[in-house]
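Participant: Sharing a structure with you now.
Values quoted throughout were computed directly from the atomic coordinates according to the rules given, and no laboratory measurement underlies them. Here the structure is a predicted model, which is why all the values come from computation and not from measurement. Cβ placement follows ideal geometry from the backbone for every residue including glycine, while neighbour counts extend to all protein chains displayed.
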Amino acid sequence: MGHDPNHVVKHRIVVLGAGYAGAGAAGRLARRLHPGNTEITLVNAEPDFVERVRMHQLAVGQDLKPRPLADMFEGTGVRLRLTRVSSVDVDRNTVTVLDSDGADEIEYDTLVYALGSVWNDHGVPGAAERAYEIASRPGALRLRERLARANAGQTVTVIGGGLTGLEAAAEIAEARPDLNVALATAGDLGDRFSPKAQEHLSKVFAGLGVTVHEHAEVARVEDGAVVTLDGREIPSAVTVWTAGFAVHPIAVATPMETTGTGQIIVDGTMRSISHPDVYAVGDAGYAMGDTGEPLRMSCASGTPMAWQAADAIAARLTGGKCPHVPLRYFNQCISLGRKEGLIQYVTANDRALSFSLRGRIAARYKELVCKAAAWGVANPTLGMPVRRKRIALEAASARTTSAAAIKRRTVVDRTATGPNTSSGRSRRVRR
Ligand SMILES: Cc1cc2nc3c(=O)[nH]c(=O)nc-3n(C[C@H](O)[C@H](O)[C@H](O)COP(=O)(O)OP(=O)(O)OC[C@H]3O[C@@H](n4cnc5c(N)ncnc54)[C@H](O)[C@@H]3O)c2cc1C
């Protein structure tokens, strides 16, 4: 076959996962890079964008706005591939996907790994078989169906006193005042908040009739009860598990540097410290914030991580200066049902300050934050000026060079990008 002079070699960026982080990164990349010599493919298992931050609302019977990814990305130049990722080969730069048509491979030059997380039962006996989870849409729908069948007077026990557990307990108690809602937490109720915020939380929970079991670390989940480490038996017709998230095992099955919990360890630009063609954002990535402490799994972390990765990729491919997106916290936004809320202002490293917003205004604020997060994802190329740059010729033709040469080039690039770039040292995970 003769050489086609019109054939343009494109740099293939493949984004895995269209949650807050992946969809955010894909949209931002589409704003930054010219489609003339880049190709952005977004791979997601489900056809819709799932607002995970509203799964407790879905579980109590509220209907969420459908957000088809095809509509969201229409006209952006991002190619959508609806299929399930089963593995990643970081030596061959390929992703294996599996759908009803069988297995297929997608090749990449740059990979953005954003597969998010699932619930984490921490191996507690009985949890996987008997508890309900709200970390995923199928999980929330399963709980919704179970709550619809729950009889007045039955006890629903939420396990976990973190933000998700607080939101879930309040939402269920408000939607179903006929049920006995309880919350079991390993520490004190709201111990991460300022005294005033903690007091407000206790008041709201008392008003909603939520029974709080403090210092109640759950050792096992039984039929009709949960049993704590210190032997207390808490009645529970329906047990809702919210005690943490776990990442998919896909990354840990690769030679990439991951934490003990399977998150991909990245530098300050969200680039894998071991495999420079790979970036990881959102719950799947393990990154340090500006204060040098690890970011927690949340949208609050995932969104700036996505922006940082997209801007770093665009800068590296176009030969620009690698920018720094602030990776810090401002507040924790908690809904306590539809009428109450709590906005706890925090330090850059997520520690409670004395100031908080409480009550109806906080509920409205939280609603606005959720809407803004979904709006940002649903309008991936709106809201900031388009500066689509063509990528440097060398980067575009990278795939025609050998894999070793690509790795050499990116390693050199990585060491030359200044203070945002990690020295490559390994870090410990905090959840
Ligand atoms: C009830 C609840 C309330 C929350 N409230 C807040 C809050 O108020 N504030 C906050 O900051 N955080 C909150 N969080 C946490 C937040 O939702 C997550 O941290 C956030 O969704 C992580 O974003 P992500 O893009 O990394 O992952 P996800 O949002 O989980 O997205 C991952 C995407 O990857 C896709 N995917 C997964 N596996 C595969 C596969 N094998 N193949 C193809 N596609 C795949 C999924 O379908 C999904 O679209 C809450 C979580 C829950 C469950």
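Participant: Calculate, in nm to one decimal, what residue 91 and residue 122 gain on full extension: separation in residues at 0.36 nm each, minus their alpha carbon distance. Can you show the working numbers first?
Facilitator: Working: separation 31, 0.36 × 31 = 11.16 nm, distance 3.14 nm.
Contour length minus Cα-Cα distance gives 8.0 nm.
Participant: Checking the table 65/196; 65/389; 10/321; 65/321; 65/366 against a 28 Å threshold on Cα-Cα, which pairs fail? Before the final figure, lay out the partial values.
Facilitator: On the way: 65/196 34 Å; 65/389 34 Å; 10/321 22 Å; 65/321 39 Å; 65/366 17 Å.
Exceeds cut-off: 65/196; 65/389; 65/321.
Participant: Please list log₁₀ I(q)/I(0) at q = 0.12, 0.16, 0.23 Å⁻¹ for region 122-243, using the Debye equation with identical point scatterers on the alpha-carbon positions.
Facilitator: Here the Debye-derived log intensity ratios amount to -0.39, -0.70, -1.44.
Participant: Post the alpha-carbon centroid distance, region 198-252 to region 113-140, in whole angstrom.
Facilitator: The two parts, judged by their Cα centres, are 14 Å apart.
Participant: Another question, if that's okay. Using the alpha carbon gyration tensor of region 208-295, what are the three equivalent-ellipsoid semi-axes (square root of 5 times each eigenvalue), largest first, in whole Å?
Facilitator: Working: eigenvalues 284, 46, 23 Å².
The answer is 38, 15, 11 Å, longest axis first.
Participant: Ok, one more. Which distance in nm do the two modelled labels at residue 152 and residue 103 give, with both placed 7 Å along the Cα-to-Cβ direction?
Facilitator: Using points 7 Å along Cα→Cβ, the separation is 5.6 nm.
Participant: Okay, next question. Provide the gained length on full extension for the span residue 191 to residue 230, in nm with one decimal, where the gain is 0.36 nm per separating residue minus the Cα-Cα distance. Working shown, then result.
Facilitator: Working: separation 39, 0.36 × 39 = 14.04 nm, distance 2.02 nm.
Between residue 191 and residue 230, full extension yields an extra 12.0 nm.
Participant: Ok, one more. From the P(r) of region 68-168, could you give the percentage of C-alpha pairs in the tail past 21 Å? Present the calculation step by step, with values, prior to reporting the outcome.
Facilitator: On the way: 2909 of 5050 pairs.
For region 68-168, the fraction of Cα-Cα distances above 21 Å is 58 percent.
Participant: Taking amide hydrogens as modeled 1.01 Å from N in the peptide plane, which residues meet the under 5 Å criterion relative to residue 15, leaving out close sequence neighbours?
Facilitator: 41, 42, 43, 112
Participant: Please sort by residue number the trypsin sites (Lys or Arg not before Pro) in region 175-259 whose DSSP state is loop and whose Cβ has at most 16 other Cβ atoms within 10 Å. Numbers along the way, then the final one.
Facilitator: Values: sites: 192, 196, 203, 220, 232; in loops: 192, 232.
Answer by residue number: 232.
Participant: Pairing the Cα long axis of helix 20-32 with the longest principal axis of the chain, what angle in degrees results, from 0 to 90 and rounded to the nearest 10?
Facilitator: That helix lies at roughly 30 degrees to the long axis.
Participant: While we're here: Quick one: P(r) of the chain from all Cα-Cα pairs, 20 Å bins, percents rounded to integers, in order of increasing distance.
Facilitator: Computed distribution, short to long bins: 26, 54, 19, 1.
Participant: Report the one residue of 132, 231, 210 whose Cα lies farthest in the direction of the positive end of the charge dipole of region 122-243 (charges on C-beta: Lys and Arg +1, Asp and Glu -1; origin at the Cα centre).
Facilitator: 132
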